[in-house]
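The values are calculated or read from the model by the stated rules, or taken from the named source; none is laboratory data. Everything numeric here is computed off the predicted structure, so don't read it as measured data. FYI the Cβ positions are ideal-geometry reconstructions off the backbone, even for glycines, and counts take in every protein chain you see. Please note that ligands, DNA and RNA were not included when accessible areas were found on the heavy atoms of the full protein model with its side chains. Shrake-Rupley method; radii C 1.70, N 1.55, O 1.52, S 1.80 Å.
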Amino acid sequence: MMEQFTKTTVDSAPSGKSGVPGESPGVSEESGPAAEHVESSATPEKDAEGSVPPAEGEGRDAGRPVRLTKSLAVLAVAAVVLLGAAVWHIGMVFLTLAPDSSVTQKYQKSINGYIYPEFGQGWQMFAPNPLAQNVAIGARVKTLGSDGTRHTWGWENLSYPHVQAMRHNLVPSHLDQNVLRRSWDFYTQTHNQKEKPTNGMRSELSTEYLTRLALQSFGRRWNGEQIVGIQLASRTVAVSPPKWKGQKAPDTTTYRILPWWPVEAKFYKEL
(Lines give C-alpha, C1' and ligand atoms only; values in the text may rest on other atoms or scores of the structure.)
Protein backbone atom coordinates (compact mmCIF):
# COMPACT_ATOMS: atom_id res chain seq x y z
CA MET A 1 0.00 0.00 0.00
CA MET A 2 2.91 2.32 0.63
CA GLU A 3 3.85 2.00 -3.03
CA GLN A 4 0.40 3.21 -4.06
CA PHE A 5 0.71 6.34 -1.93
CA THR A 6 4.19 7.19 -3.29
CA LYS A 7 3.59 6.28 -6.92
CA THR A 8 3.51 9.11 -9.44
CA THR A 9 2.34 9.10 -13.01
CA VAL A 10 5.10 8.28 -15.46
CA ASP A 11 3.33 9.25 -18.69
CA SER A 12 1.96 12.77 -18.61
CA ALA A 13 0.43 14.84 -21.37
CA PRO A 14 2.51 17.44 -23.19
CA SER A 15 2.54 20.95 -21.92
CA GLY A 16 0.53 22.08 -24.88
CA LYS A 17 -3.23 21.94 -25.42
CA SER A 18 -4.96 18.93 -24.02
CA GLY A 19 -7.36 18.68 -26.91
CA VAL A 20 -10.35 19.04 -24.62
CA PRO A 21 -12.39 22.24 -24.91
CA GLY A 22 -12.62 24.36 -21.77
CA GLU A 23 -9.51 23.01 -20.15
CA SER A 24 -6.41 25.01 -19.46
CA PRO A 25 -3.45 24.06 -21.52
CA GLY A 26 -0.62 22.19 -19.79
CA VAL A 27 -2.90 20.35 -17.38
CA SER A 28 -3.24 16.61 -17.81
CA GLU A 29 -6.13 14.45 -16.59
CA GLU A 30 -3.71 11.88 -15.20
CA SER A 31 -1.08 14.07 -13.63
CA GLY A 32 -0.72 15.87 -10.33
CA PRO A 33 -2.33 15.22 -6.95
CA ALA A 34 -5.63 14.19 -8.47
CA ALA A 35 -3.99 11.23 -10.16
CA GLU A 36 -2.29 10.22 -6.94
CA HIS A 37 -5.62 10.31 -5.14
CA VAL A 38 -7.21 8.07 -7.72
CA GLU A 39 -4.33 5.62 -7.44
CA SER A 40 -4.46 5.48 -3.63
CA SER A 41 -8.21 5.02 -3.41
CA ALA A 42 -8.37 2.22 -5.93
CA THR A 43 -10.40 -0.81 -4.85
CA PRO A 44 -8.17 -3.80 -3.83
CA GLU A 45 -8.27 -6.71 -6.19
CA LYS A 46 -10.11 -9.83 -5.08
CA ASP A 47 -8.59 -13.28 -5.12
CA ALA A 48 -9.89 -16.34 -6.97
CA GLU A 49 -12.47 -17.05 -4.26
CA GLY A 50 -13.87 -13.56 -4.38
CA SER A 51 -12.52 -12.37 -1.02
CA VAL A 52 -10.30 -9.40 -0.43
CA PRO A 53 -6.84 -10.43 0.90
CA PRO A 54 -5.82 -8.87 4.23
CA ALA A 55 -3.59 -5.88 4.18
CA GLU A 56 0.05 -6.19 5.12
CA GLY A 57 0.45 -6.93 8.86
CA GLU A 58 -3.23 -7.71 9.45
CA GLY A 59 -2.83 -11.50 9.19
CA ARG A 60 -0.18 -11.63 11.90
CA ASP A 61 -2.03 -9.45 14.38
CA ALA A 62 -5.53 -10.83 13.87
CA GLY A 63 -5.09 -13.68 16.40
CA ARG A 64 -3.20 -11.74 19.05
CA PRO A 65 -6.21 -10.48 21.04
CA VAL A 66 -7.59 -14.03 21.27
CA ARG A 67 -4.26 -15.48 22.43
CA LEU A 68 -3.80 -12.65 24.91
CA THR A 69 -7.26 -13.26 26.34
CA LYS A 70 -6.54 -16.97 26.78
CA SER A 71 -3.22 -16.25 28.52
CA LEU A 72 -4.86 -13.81 30.91
CA ALA A 73 -7.56 -16.37 31.67
CA VAL A 74 -4.95 -19.05 32.49
CA LEU A 75 -3.03 -16.64 34.72
CA ALA A 76 -6.22 -15.63 36.50
CA VAL A 77 -7.17 -19.27 37.17
CA ALA A 78 -3.66 -20.05 38.44
CA ALA A 79 -3.74 -17.01 40.74
CA VAL A 80 -7.10 -18.07 42.16
CA VAL A 81 -5.86 -21.62 42.79
CA LEU A 82 -2.69 -20.41 44.51
CA LEU A 83 -4.63 -17.94 46.61
CA GLY A 84 -7.10 -20.63 47.63
CA ALA A 85 -4.27 -23.01 48.59
CA ALA A 86 -2.60 -20.28 50.66
CA VAL A 87 -5.84 -19.44 52.47
CA TRP A 88 -6.48 -23.15 53.11
CA HIS A 89 -2.98 -23.68 54.55
CA ILE A 90 -3.12 -20.60 56.78
CA GLY A 91 -6.58 -21.62 57.99
CA MET A 92 -5.43 -25.14 58.91
CA VAL A 93 -2.39 -23.80 60.75
CA PHE A 94 -4.60 -21.35 62.63
CA LEU A 95 -6.96 -24.13 63.68
CA THR A 96 -3.99 -26.16 64.91
CA LEU A 97 -2.77 -23.33 67.16
CA ALA A 98 -6.18 -22.00 68.19
CA PRO A 99 -7.80 -23.04 71.50
CA ASP A 100 -10.18 -25.99 71.42
CA SER A 101 -13.56 -25.23 69.94
CA SER A 102 -16.49 -27.08 68.40
CA VAL A 103 -14.87 -26.70 64.96
CA THR A 104 -11.48 -28.11 65.98
CA GLN A 105 -13.11 -30.96 67.89
CA LYS A 106 -15.31 -31.89 64.94
CA TYR A 107 -12.55 -31.78 62.32
CA GLN A 108 -9.57 -32.73 64.49
CA LYS A 109 -8.65 -35.80 62.43
CA SER A 110 -8.75 -33.88 59.14
CA ILE A 111 -6.70 -31.02 60.59
CA ASN A 112 -4.06 -33.32 62.07
CA GLY A 113 -3.91 -35.36 58.87
CA TYR A 114 -3.01 -32.23 56.90
CA ILE A 115 -0.67 -30.54 59.39
CA TYR A 116 1.36 -33.43 60.77
CA PRO A 117 4.14 -34.25 60.46
CA GLU A 118 5.38 -31.87 57.73
CA PHE A 119 3.72 -28.65 58.96
CA GLY A 120 3.73 -29.18 62.72
CA GLN A 121 4.28 -26.02 64.72
CA GLY A 122 6.93 -25.99 67.45
CA TRP A 123 7.67 -23.00 69.65
CA GLN A 124 10.74 -24.21 71.54
CA MET A 125 12.75 -21.32 70.12
CA PHE A 126 10.60 -18.84 72.03
CA ALA A 127 10.31 -20.88 75.24
CA PRO A 128 11.90 -19.54 78.45
CA ASN A 129 13.88 -22.76 78.81
CA PRO A 130 14.90 -23.98 75.34
CA LEU A 131 16.08 -27.52 74.84
CA ALA A 132 19.67 -28.07 75.94
CA GLN A 133 20.21 -31.65 74.85
CA ASN A 134 21.92 -33.47 72.04
CA VAL A 135 19.76 -36.30 70.81
CA ALA A 136 21.25 -38.88 68.44
CA ILE A 137 19.01 -41.36 66.64
CA GLY A 138 20.27 -44.82 65.76
CA ALA A 139 18.79 -47.88 64.09
CA ARG A 140 19.61 -51.46 63.27
CA VAL A 141 17.93 -53.93 60.96
CA LYS A 142 17.08 -57.59 60.82
CA THR A 143 17.49 -59.35 57.47
CA LEU A 144 16.38 -62.61 55.90
CA GLY A 145 19.09 -64.68 54.22
CA SER A 146 18.68 -66.80 51.11
CA ASP A 147 18.71 -69.94 53.28
CA GLY A 148 15.86 -68.62 55.43
CA THR A 149 17.98 -67.61 58.43
CA ARG A 150 17.58 -64.19 60.05
CA HIS A 151 20.51 -61.95 60.88
CA THR A 152 20.63 -58.94 63.20
CA TRP A 153 23.12 -56.24 62.29
CA GLY A 154 24.85 -53.57 64.32
CA TRP A 155 23.61 -50.07 65.14
CA GLU A 156 23.94 -47.27 62.60
CA ASN A 157 24.00 -43.62 63.69
CA LEU A 158 21.30 -41.95 61.57
CA SER A 159 22.03 -38.50 62.99
CA TYR A 160 25.72 -38.48 62.07
CA PRO A 161 25.34 -37.66 58.32
CA HIS A 162 23.00 -34.76 59.15
CA VAL A 163 25.36 -33.36 61.78
CA GLN A 164 28.28 -33.55 59.36
CA ALA A 165 26.25 -31.75 56.69
CA MET A 166 25.45 -28.90 59.11
CA ARG A 167 28.93 -28.53 60.54
CA HIS A 168 30.72 -25.42 59.18
CA ASN A 169 27.74 -24.78 56.91
CA LEU A 170 26.47 -21.21 57.08
CA VAL A 171 23.16 -22.16 55.47
CA PRO A 172 22.28 -25.72 56.57
CA SER A 173 19.23 -27.27 54.98
CA HIS A 174 15.91 -27.75 56.72
CA LEU A 175 16.21 -31.47 56.00
CA ASP A 176 19.46 -31.85 57.94
CA GLN A 177 18.34 -29.64 60.81
CA ASN A 178 14.83 -30.78 61.54
CA VAL A 179 13.39 -33.78 59.70
CA LEU A 180 14.92 -36.61 61.73
CA ARG A 181 14.74 -34.69 65.02
CA ARG A 182 11.12 -33.69 64.47
CA SER A 183 10.13 -37.22 63.50
CA TRP A 184 11.59 -38.50 66.79
CA ASP A 185 9.82 -35.76 68.76
CA PHE A 186 6.61 -36.64 66.95
CA TYR A 187 6.94 -40.24 68.11
CA THR A 188 7.81 -39.45 71.73
CA GLN A 189 4.91 -37.00 72.01
CA THR A 190 2.42 -39.67 70.93
CA HIS A 191 3.77 -42.62 72.95
CA ASN A 192 4.45 -43.12 76.64
CA GLN A 193 7.64 -44.52 78.17
CA LYS A 194 6.32 -48.04 77.69
CA GLU A 195 5.95 -47.33 73.94
CA LYS A 196 2.18 -47.48 74.10
CA PRO A 197 0.24 -45.14 71.77
CA THR A 198 -1.48 -42.22 73.46
CA ASN A 199 -2.97 -40.28 70.57
CA GLY A 200 -4.82 -42.68 68.30
CA MET A 201 -4.22 -42.04 64.61
CA ARG A 202 -1.33 -39.67 65.26
CA SER A 203 0.51 -42.37 67.19
CA GLU A 204 0.19 -44.79 64.28
CA LEU A 205 1.23 -42.09 61.82
CA SER A 206 4.33 -41.19 63.86
CA THR A 207 5.48 -44.83 63.92
CA GLU A 208 5.15 -45.22 60.16
CA TYR A 209 6.79 -41.85 59.49
CA LEU A 210 9.81 -42.64 61.68
CA THR A 211 10.17 -46.08 60.09
CA ARG A 212 10.10 -44.66 56.55
CA LEU A 213 12.76 -42.08 57.40
CA ALA A 214 15.03 -44.71 58.94
CA LEU A 215 14.66 -47.05 55.96
CA GLN A 216 15.94 -44.32 53.66
CA SER A 217 19.37 -44.90 55.22
CA PHE A 218 19.25 -48.66 54.61
CA GLY A 219 17.27 -49.24 51.43
CA ARG A 220 15.41 -52.45 50.66
CA ARG A 221 18.40 -54.72 51.24
CA TRP A 222 21.26 -54.63 53.70
CA ASN A 223 24.48 -56.56 53.07
CA GLY A 224 22.74 -58.33 50.20
CA GLU A 225 19.79 -59.57 52.26
CA GLN A 226 16.17 -58.45 52.43
CA ILE A 227 15.28 -56.25 55.40
CA VAL A 228 12.39 -57.70 57.40
CA GLY A 229 12.61 -55.74 60.67
CA ILE A 230 13.96 -52.49 62.11
CA GLN A 231 14.65 -51.18 65.60
CA LEU A 232 15.35 -47.57 66.59
CA ALA A 233 16.87 -45.99 69.69
CA SER A 234 17.97 -42.60 70.94
CA ARG A 235 20.93 -41.39 73.00
CA THR A 236 20.38 -38.13 74.88
CA VAL A 237 23.26 -36.11 76.33
CA ALA A 238 22.90 -32.79 78.16
CA VAL A 239 24.64 -29.83 76.52
CA SER A 240 27.35 -28.27 78.69
CA PRO A 241 26.48 -24.72 79.83
CA PRO A 242 28.73 -21.79 78.84
CA LYS A 243 32.02 -21.51 80.72
CA TRP A 244 31.14 -18.09 82.10
CA LYS A 245 28.26 -19.63 84.05
CA GLY A 246 30.58 -21.81 86.07
CA GLN A 247 28.17 -24.76 85.92
CA LYS A 248 28.74 -28.32 84.90
CA ALA A 249 26.41 -30.34 82.75
CA PRO A 250 24.91 -33.43 84.39
CA ASP A 251 27.16 -36.36 83.65
CA THR A 252 24.30 -38.52 82.48
CA THR A 253 23.46 -40.20 79.21
CA THR A 254 20.02 -41.67 78.74
CA TYR A 255 18.90 -44.21 76.17
CA ARG A 256 15.47 -45.04 74.83
CA ILE A 257 15.23 -48.26 72.84
CA LEU A 258 12.09 -48.94 70.84
CA PRO A 259 10.73 -52.42 70.09
CA TRP A 260 11.33 -54.23 66.81
CA TRP A 261 8.95 -53.22 64.04
CA PRO A 262 8.22 -55.35 60.98
CA VAL A 263 9.13 -53.79 57.65
CA GLU A 264 6.27 -53.77 55.18
CA ALA A 265 6.28 -53.06 51.46
CA LYS A 266 4.16 -49.92 51.94
CA PHE A 267 7.04 -48.27 53.85
CA TYR A 268 9.03 -48.15 50.61
CA LYS A 269 6.29 -46.48 48.61
CA GLU A 270 7.61 -43.39 46.78
CA LEU A 271 11.07 -43.82 48.35
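The equivalent ellipsoid that matches the C-alpha gyration tensor of region 128-198 spans semi-axes of 29, 21, 10 angstrom, in descending order. Take each peptide in 80-91, 135-146, 104-115, count the other Cβ atoms within 10 Å of every residue, and average; sorted highest first, the result is 135-146, 104-115, 80-91.
If I take all pairs of Cα atoms in region 164-252, what percentage of them are more than 19 Å from each other? Roughly 60 percent, rounded to a whole number. Computed with every protein chain present, the accessible area of V237 is close to 50 Å² [probe 1.4 Å]. Pairs to check: K196/K269; K109/K196; K194/K248. Give those whose C-alpha atoms are more than 23 Å from each other in this structure. K196/K269; K194/K248, as the Cα separations exceed 23 Å there. Working note: Cα gyration tensor of region 116-271, eigenvalues times five, square-rooted, sorted largest first, giving semi-axes of 30, 18, 16 Å.
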